[in-house]
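Each remark here refers to the structure printed beneath this line.
The values are calculated or read from the model by the stated rules, or taken from the named source; none is laboratory data. Just so it is clear, the model here is predicted, and its values are computed rather than measured. Here the Cβ positions follow ideal geometry from the backbone for every residue, glycine too, while neighbour counts run over all protein chains shown. Note: accessible area is taken over every heavy atom of the protein model, side chains too, but ligands, DNA and RNA are not part of it. Shrake-Rupley method; radii C 1.70, N 1.55, O 1.52, S 1.80 Å.
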Amino acid sequence: LGETSLAVAAAALLVAPGMRQPLALELRCGSEDLGGVRGPPNGPEAEAWLLSVQQAASQALGHRIKLEVLRLRLSAKGCANLDILDMPEKTNLLSLANSASASNNSNNNGGNNHNSQQAAAAKVEELHKLYVGSSANLLVCVEPGPSLELCRKYDPTGRRTVLIGAASAEAAAREQLPASTLCGPAAAQSLEDRFAALCAERVPQWMSQLERLELRLTKAQREAREMEYRESSEEVLRKARSVGLSFGRALQHVIGGTPGCTAAAMTLEEEIMEFANAAAKGLCDIGDGVGPGVVSSKDAKTAAEDLFARFGGVTGYTNYLKDQVRISGADVPLNGGAAWQRLLAEVEVAMRLAHPSQEDLNGLMLAAVRCGGTGVHGHQRWEEVASKLMLGVSFEPLRRRVRYVATRVVWVLKHQKATVSEWMSTLADGPASRFYSPLFTEHLEILRTYPIVRELVFSAYDRAASAIGEQVLKNLEGTLVAACINPDVMLRPSTEPELVEGREQDASSTEAPPAVGPDTGSAGGAGAAAGNSAAAATPGRTLSSGALLTRSTSSANLPTPGRARSAAALAAAATSVARKPTVESRNRVASEMQRRSDCVGGLPVQLRDRVFEPGEAVDTMPYVEGKLRRAFAVLARILANQAFAFADTSMTYLCQRRVDEAMTTIDFSPDQKRALSIRHEELDGIAKQVEQRLAGVRRCIATFRGEMGPGSPPTTTQSILRF
């Protein structure tokens, strides 16, 4: 530690009696002068340093033997650059072990004391073998007796043993050594020389080990930087978007049909049962997960319970679908596109099963009286009252059923993730691997390896599925609101085009008028006959006026006046034939517009355009109720057809566009950004730590190579301990 009084005081603390574990001291020469050469320690810095040494060394004091090494690093001006492992004397260890055993077992019998002594002796022996018996350590003996015997036990030849102080006095008495070698600078120099010689012998071995360590650290450093790059925010985001696009392509194949893929395959009863459980737990809401959704979890639960309650539960509803409706594939475990087709049939049936509640029908009289009165444009009429009743009676039941349809669509779409993932896993080997892109297998491995990528991709897909369900919901609710506000438009009869072939052949079936000419004009008669035979030979063919004129005027030998009269007659006939379809078209359009403007299926004629009177409600309410029932049934049928159509087209839109849009806009949430930042700092710290170790190893190798090179100076203690 040096020749100052402060160093002497610190040394006394470090070798104080009662040390119960090995003390590893890393002594390094520093630039700070903490004490005088001969005077007492002075200054607050010196006192603080001495206090820190005392506190650190006090950890080794106690009554129990410890095998762990207490490591201390001391730096002061004038200190030697050495690493010292201070071992307490064997006799002290055994005496303390015996005293500790006696104090702990004062109330036990002698057998227990003997066992404790044996355990303490075994621990001391293990301590000596671990540190004193190591061939990599030099043994410095400062006192004769047990310490010297211990050194000779583990180093019989004395090759690793250095005698200093009193331990060397006995040898000096026999060998007549000068007093200067027993202690002081000469003894320290002798210790350094012995240590340097031992290190020089082991330099080649250390070099080979350091070179192997350099290779391992170089590989570890490269792997650490690669790991840091792979888990950087930019790289993770790029991977997530690429994997998401492959996931969307795989979804198209799954919906198109994938034989052999059984992931998430369920029968109709299992599927509806699982959906009912998810709805009861509040897991079937529709939204982006950020703000309030278009359908809350409570609304989805209410819509599902409203449908199942009419059949006594989910089992009754599924039995109805299997036994009475006979939905195809109800008892077969399906997934992918087959399960989607079964879903379309189920939601169509669910929509058609909607009907107004009996409570609302019983309260029509009171509701009609409340809806009547005087409006902005005068007294209310029966048509206006009926529209209000339609809105009050039909809107809520049908909206609950529309919400059920939308939540079922979203739930089934979200449960396609497991099917898509398993299908991608089947492409790793086998014949299927040659028919599809190898990116499917590569991106599936990324999904399984990186949890954050899996979370980003699945969250984006769930948002796309929710957007599809939201679009289906808006379309159906738009139809529902429009029909409830103006039910007359919905109840108007639909018109269909009449594509009857006979109507189009009326003009062609009309015989061509005979040619007008002299009775003796054989040519004219022949021309007329030819014209008639030509018309008869092509039944069903419509002849234009131009064709009639050409055919009629093609006769060659008619007199000039006869040809003039014949052309005029044929032109008049052609004009009448051309006008006939035009007149029929006008009449048909007028008839169709009249049918569309009729209120067929609405209120009776007596109630149309009539002011509402509360006194007449008792007699007229049955007619109004009949209209509402018919309107409800028609609206439920329309919504059922639209639910099937919108859901079917939404799958195409999801696969071809919506999934790609969602995957290309993947981004981190604030929590994910913080987690990635923490992870990046952790990986960067690991990489820097490996780089520091690698730099230290390379400095050691460079130092050894310089010492081993030709013309290099002899190896010294400072150069060996430099690293």
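The table that follows gives values for the structure above.
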item: From the options Ala46, Ala80, Ala9, residue that is farther than 29 Å from Glu126 by Cα, at pLDDT 80 or above and touching a helix residue (DSSP H, G or I) at 6+ places or on another chain (Cβ under 9 Å); result: Ala9
item: Some residue of segment 144-157 being assigned to a helix (DSSP H, G or I), polar (S, T, N, Q), in contact with a Cys (Cβ under 6 Å, 6 or more places away or on another chain) and modelled with pLDDT of 75 or more; result: yes
item: Qualifying residue in segment 423-446 (condition: among the acidic types (Asp, Glu), modelled with pLDDT under 85, out of contact with any Ser or Thr (no Cβ under 8 Å at 6 or more places or on another chain) and more than 30 Å from Lys474 (Cβ to Cβ)); result: yes
item: Candidate set: segment 427-463, residues that are over 21 Å from the mean Cα position of the chain (by Cα) and touching a residue at least 40 places away in the same chain (Cβ under 8 Å); chosen: the one surrounded by the fewest Cβ atoms within 10 Å (Cβ to Cβ); result: Ser437
item: Residue list for segment 291-319, filter: within 28 Å of Ala460 (Cβ to Cβ) and touching a helix residue (DSSP H, G or I) at 6+ places or on another chain (Cβ under 9 Å); result: Gly293, Val294, Val295, Ser297, Asp299, Ala300, Lys301, Ala303, Ala304
item: Pair list, Cβ under 9 Å, 6 or more apart: segment 686-701 residue touching a residue at least 12 places away in the same chain (Cβ under 8 Å), other residue among the hydroxyl-bearing types (Ser, Thr, Tyr); result: Leu694/Thr218
item: When residues of segment 328-367 are limited to those that are among the β-branched types (Val, Ile, Thr) and open to solvent by 20 Å² or more (accessible area, probe 1.4 Å), the one nearest to Gln642 (Cα to Cα); result: Val349
item: Qualifying residue in segment 228-236 (condition: among the acidic types (Asp, Glu), modelled with pLDDT under 85 and open to solvent by less than 80 Å² (accessible area, probe 1.4 Å)); result: no
item: All positions within segment 654-663 that are open to solvent by 10 Å² or more (accessible area, probe 1.4 Å) and within 14 Å of the chain's Cα centre (by Cα); result: Ala662
item: Candidate set: segment 629-649, residues that are open to solvent by less than 10 Å² (accessible area, probe 1.4 Å) and either farther than 15 Å from Tyr404 by Cα or not in a helix (DSSP H, G or I) (or both); chosen: the one modelled with the lowest pLDDT; result: Ala631
item: Residue check, Ala250 touching a Phe, Trp or Tyr at 6+ places or on another chain (Cβ under 7 Å) and either under 30 Å from Arg400 (Cα atoms) or open to solvent by less than 10 Å² (accessible area, probe 1.4 Å) (or both); result: yes
item: Evaluation of Asp323 against (1) within 19 Å of Pro397 (Cβ to Cβ); (2) out of contact with any Lys or Arg (no Cβ under 7 Å at 6 or more places or on another chain); (3) open to solvent by 30 Å² or more (accessible area, probe 1.4 Å) (one fails), failing number; result: (1)
